[in-house]
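To start, the structure itself, in structure tokens.
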Amino acid sequence: MGRVVIDVMPKPEILDPQGKAVAGALARLGFDGFAGARQGKRFELEVEGEVDDAMLAKAREAAETLLANLVIEDVVSVRAATEVPA
């Protein structure tokens, strides 16, 4: 069994209140050097069999159809997982 990882992020022009809250918390907790933060979504899809280019294309299509709201979000990566969690 394989696994596909899909990352979805808000488009750069969209306000990200969760990311802003994270950036503020980092500074308050003494984590210096971070200029900002954006929060997105990560999906892990289990695949029957191996992950190949056709499966990655199918996963991207699923992400653009179901997992992301393309008006305000971008699908930034679709890749095979390098390690399957236990």
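Where a number appears in this text, it was derived from the coordinates with a stated rule and is not lab data. What you see is a predicted model, and the numbers here were worked out from it, not measured in a lab. As a convention, Cβ positions derive from the backbone with ideal geometry for all residues, glycine included, and neighbour counts pool all protein chains shown.
Tabulated data for the structure shown
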read-out	value
Zone of LEU26's modelled label, taken as backbone nitrogen in segment 3-18 under 15 Å from a point 7 Å along Cα→Cβ	16-18
Rounded Å value of the spacing that divides the Cα centres of segment 56-82 and segment 1-52	14 Å
Percent RCO, i.e. relative contact order, over the chain, from Cα pairs under 8 Å lying at least 6 residues apart	51 percent
Residue-span extension gain [LEU15 to ARG60] - 0.36 nm each, minus C-alpha spacing	13.8 nm
Nearby lysines by direct alpha-carbon distance to LYS58 (threshold 29 angstrom, same-chain neighbours under 8 apart not counted)	LYS11, LYS41
At most 14 other Cβ within 10 Å, DSSP loop - GluC sites (Glu not before Pro), the chain	GLU13, GLU48, GLU50, GLU83
Loop sites in segment 1-75: chymotrypsin sites (Phe, Trp or Tyr not before Pro), DSSP, at most 11 other Cβ within 10 Å	PHE31, PHE34
Rounded to the nearest 20 debye, dipole of segment 2-80 from Cβ charges on Lys, Arg, Asp, Glu	440 debye
